[in-house]
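Just below is one structure, and these are the notes that go with it.
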Amino acid sequence: MKIDGTPYRSVWVDDDGWSVRIIDQTKLPWSVDLLRLSRLDQVAHAIRSMQVRGAPLIGAVAAYGLCLALRDNATTDAMERAAVLLAETRPTAVNLRWAIDRMLARLRTTSEADRVAIAYDEAAAIADEDAAQNEAIGRHGLELIRDRVRPGQPVNILTHCNAGWLATVDWGTALAPIYMAHEEGIDVHVWVDETRPRNQGALLTAFELGKHGVPYTLICDNAGGHLMQHGKVDLCITGADRVTRNGDAANKIGTYLKALAAKDNGIPFWVALPSSTLDWSIRDGVKEIEIEERSATEVTTMSGRAMDGSVMTVRITPKDSPAANPAFDVTPARLLSGLITERGRCEASEEGLLSLYPDYRI
């Protein structure tokens, strides 16, 4: 995708052929800062601090993190320790563990002399496959938007958090069909949830859509139900950080409430995801998915640009106010219209998923 006409991916190998570049998402939209990562600890910090975020992207970045670790020490013991460190940075998004396991499966049977080169090849394959899968998700989701086209009226789509190209290697998941609809000339408009407490919608989704020229309107998180009641939402599409075998979807906190409102108002609610987001080992998302609890300061403070142009963080609660900060919630499969994957669309159920991924039938 592009920023001011310049094409970017969200992670790439630098011109030196070994260090890794990312866009520091904690600085968006105030500035586009390109960070160079050259050590394992820098990668772990980037994931933990959300300089990179989004389930597919952190998997790809973690794969490159293992490459950097192997440059320093390619022994099996060191590789396994690096894998554990990376896996512990974020607990909810399954893509992180998936990417590390895929890297280890490839590398454990290789010699130390060959490991670094093979690791870079595998990490590049993970990144390229993610971009291709998200492009395919866009094509499959585009049909849903085409079906909602009405003469003289925009197709109004509501999304939550950021599931665009900044959350993946390229294209995005939930936003990929929207980008394709826009490129096709469909009159599409996006309702962008602010997505408290980190405001990924207000900061990142708004940034992406604006830079690409897609019409959007930012709304507070509690406005979606009202808009649905008054016929101003045609379709909801979100991403996911983990989808269970039976179709339950873990996504940014607040997704569950939007799905409830959509169900009550008869509005289609779809979840877009690549296969790396599927967790075939879990059947009950509410009971079994570990929900990350992040720092209370994300709730008690807020960052933004002051009227003088400076970027600052301010407290928005009484001093020493306690706060809880679950980062995700789980939307049960029964509330979803279906899933959009790189292999096509399906019902949010075990049988629906198995119709696209028959190899996982047990």
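Annotation note: Cβ proximity below 6 Å between a residue of the range 212-240 that is more than 12 Å from residue 259 (Cβ to Cβ) and a residue that is assigned to a strand (DSSP E or B) and open to solvent by less than 20 Å² (accessible area, probe 1.4 Å) (sequence gap 6+ or interchain) occurs for 216/190; 216/192; 218/192; 221/193; 233/158; 234/155; 235/157; 239/272.
Across the range 304-333, the number of residues qualifying as out of contact with any Lys or Arg (no Cβ under 7 Å at 6 or more places or on another chain), β-branched (Val, Ile, Thr) and over 30 Å from residue 261 (Cα atoms) comes to 2.
The condition (being open to solvent by less than 60 Å² (accessible area, probe 1.4 Å), over 18 Å from the mean Cα position of the chain (by Cα) and of a type in the set (Lys, Arg)) is satisfied by just one residue among 283, 245, 305: 245.
Taking the range 181-204, which residues are part of a strand (DSSP E or B), more than 30 Å from residue 294 (Cβ to Cβ) and touching a helix residue (DSSP H, G or I) at 6+ places or on another chain (Cβ under 9 Å)? Walk me through how you get there before you give the answer.
Restricting attention to the range 181-204, the residues satisfying the condition of being part of a strand (DSSP E or B) are 188-193.
Retained after the next criterion (residues that are more than 30 Å from residue 294 (Cβ to Cβ)): 188-189.
188 - this is the single residue of the range 181-204 that is part of a strand (DSSP E or B), more than 30 Å from residue 294 (Cβ to Cβ) and touching a helix residue (DSSP H, G or I) at 6+ places or on another chain (Cβ under 9 Å).
Among the residues in the range 146-165, are any under 30 Å from residue 226 (Cα atoms), in contact with a helix residue (DSSP H, G or I) (Cβ under 9 Å, 6 or more places away or on another chain) and among the basic types (Lys, Arg)? For the range 146-165, residues under 30 Å from residue 226 (Cα atoms), in contact with a helix residue (DSSP H, G or I) (Cβ under 9 Å, 6 or more places away or on another chain) and among the basic types (Lys, Arg): present. When the range 110-127 is limited to residues that are touching a residue at least 12 places away in the same chain (Cβ under 8 Å) and among the charged types (D, E, K, R), the one that is most open to solvent (accessible area, probe 1.4 Å) turns out to be 112.
The values are calculated or read from the model by the stated rules, or taken from the named source; none is laboratory data. As the structure is a computational prediction, the values presented were derived from the model and not from experiment. So basically every Cβ, Gly included, is an ideal-geometry build from the backbone, and we count neighbours across all protein chains shown. Quick note on the areas: whole protein, heavy atoms, side chains included, nothing else; ligands and nucleic acids left out. Shrake-Rupley method; radii C 1.70, N 1.55, O 1.52, S 1.80 Å.
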